[in-house]
Amino acid sequence: MMYRREMVMGSILTLALAVPLRAQPSTKPLPPSQLDTGSAVRDVYSFTLPAPAAPAPEEGAANPDYRIGVLVPKGPAPAKGWPILYMLDGQAVMERLTDEILAKIPQAAQRIIVTVGYQTPQRFATAARARDYTPPDPKGLAIKDPRTGTSAGHADSFLHLLGTQIIPRAESFAPVDPQERTLWGHSYGGLFVLYAASQPDSPFVAFTSASPALWWDEARIGPAFEAQMRAGHWSRRPLDIHIGSAERAKATDPGTKQTEAFVKMRGALPEHALEDLVSTARAAGIPGQFTQFPSLSHGQSFVASLYKTVGVAE
């Protein structure tokens, strides 16, 4: 079981390169998506779940509820049920999954797409995703996010929420093949995907981690994952890794006092940390594909990875 290395070219890169480089995610409110308007090419369902209690009163304003979208292909399901793909940062994903894009997915790649997002008009719920997508410290305790200063390190609770509430409800709308259940995420979401893949009781059977934030918590998490792989304590479920080849070269600095710790951690991450993780996974017999997107930045790789994962024809 080997990793296959791939360089992606073609229309996926054209679409991704259209994404502007920004020091910070845009604060412009999102337009309505198919979760609001419906779709001509998918049957669309959505539901909300309450957010966990804010750990401190001052964090309440940054504590939106969850909003889950379920996009089901039209027509009869396969005999075993639909394959299903769960995508983190759901509101940002929905911005990109227009009907025009969904119509480009070939029949052989059709599956249910579940967008796991937040009830917010912003593309990224910064404090909420820092809370949900990041692992606890080595003692299993929550820590502070270096970008927001808010509570983080609750990936264990979020994985439990996925398994006990989000997945059962999302898979009640159409027949599903649970042996074809994949999780995708980018940046902090990519870090969560690695965390979920590391857990033996994870409800997912395949994983795609795009540009994972391995710098998190002084970059301790990558070596910890590698040690787990070497010890044989990591399940051999498919793990694909995506990254833009220019992420380090095109990295931006928000230039604020609040983000100094984040910039320092990110800069201290060894240049080949992700490649080392992939090599360790390959040596441990964990199957998967390693994909680089030529000349793409961290933000641009979000779009390229998203389109590749959903199966948009190149």
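The values are calculated or read from the model by the stated rules, or taken from the named source; none is laboratory data. Values in this document were obtained by computation on a predicted structure and should not be read as measured data. No Cβ is skipped: glycine too gets one built from the backbone with ideal geometry, and neighbour counts run over all protein chains shown. Areas reflect the complete protein model, heavy atoms only, side chains present, ligands, DNA and RNA absent. Shrake-Rupley method; radii C 1.70, N 1.55, O 1.52, S 1.80 Å.
Couple of notes before you dig in:
- The smallest convex shape that holds all Cα atoms of the stretch 159-314, its convex hull, gives 130 Å³ per residue.
- Maximal additional length on extending the ASP137-GLU218 stretch stands at 28.1 nm, based on 0.36 nm per residue less the C-alpha distance.
- Distance between the modelled labels on ARG248 and ALA283, one decimal in nanometres: 1.9 nm (7 Å Cα→Cβ projection).
- In this structure LEU102 has an accessible area near 10 Å², from a 1.4 Å probe over the protein heavy atoms.
- Protein heavy-atom accessible surface, 1.4 Å probe, per residue over the stretch 56-206: 38 Å².
- Computed over the stretch 149-243, the ratio Rg/Rh where both radii use C-alpha atoms and Rh is Kirkwood: 0.98
- What the phi angles of the stretch 275-291 give under the Karplus curve with 6.51, -1.76 and 1.60, with θ = phi - 60°, is a coupling list of 4, 5, 4, 4, 4, 5, 4, 4, 5, 7, x, 8, x, x, 10, 9, 10 Hz, glycine and proline written as x.
- Cross-link table LYS250/LYS308; LYS139/LYS264; LYS144/LYS264; LYS74/LYS104; LYS104/LYS250, entries beyond 25 Å C-alpha to C-alpha: LYS104/LYS250
- Solvent-accessible area of GLU95 with every protein chain in place, 1.4 Å probe, in Å² to the nearest 10: 60
- Backbone phi angles across the stretch 149-161, fed through the Karplus curve with coefficients 6.51, -1.76 and 1.60 (θ = phi - 60°), yield HN-Hα couplings of x, 9, 4, 9, x, 10, 4, 5, 5, 5, 4, 5, 4 Hz in residue order; Gly and Pro are listed as x.
- In this structure, the amide hydrogen of TYR66, modeled 1.01 Å from its nitrogen in the peptide plane, lies closer than 5 angstrom to those of LEU49, ALA51, GLN119, counting only residues at least 5 positions away or on a different chain.
- With a 1.4 Å probe rolled over the protein heavy atoms of all chains, the accessible area of LYS264, LYS250 falls in the order LYS264, LYS250, largest first.
- Among 182-189, 130-137, 272-279, the order from most to least packed when residues are scored by Cβ within 10 Å on average: 182-189, 130-137, 272-279
- Theoretical gain in end-to-end length, ALA109 to ARG237 [0.36 nm per residue, Cα-Cα removed]: 44.1 nm
- Average accessible surface area per residue within the stretch 264-309, 1.4 Å rolling probe, Å²: 35
- 3J(HN,Hα) couplings calculated from phi for the stretch 74-85 with the Karplus curve 6.51 cos²θ - 1.76 cosθ + 1.60 (θ = phi - 60°) are, in sequence order, 6, x, x, 6, x, 4, 8, x, 6, x, 9, 10 Hz; Gly and Pro show x.
- Part-to-part distance (alpha-carbon centres) for the stretch 77-138 and the stretch 275-313, which is given in Å: 17
- Residue order by solvent-accessible surface for ARG282, ARG129 is ARG282, ARG129, largest first, with ligands and nucleic acids left out and a 1.4 Å probe.
- Net charge over other residues, Cβ less than 11 angstrom from the Cβ of SER157 (K, R count +1; D, E count -1): -1
- Sum of side-chain charges, PRO136 neighbourhood, beta-carbon under 15 Å (Lys, Arg +1; Asp, Glu -1): -2
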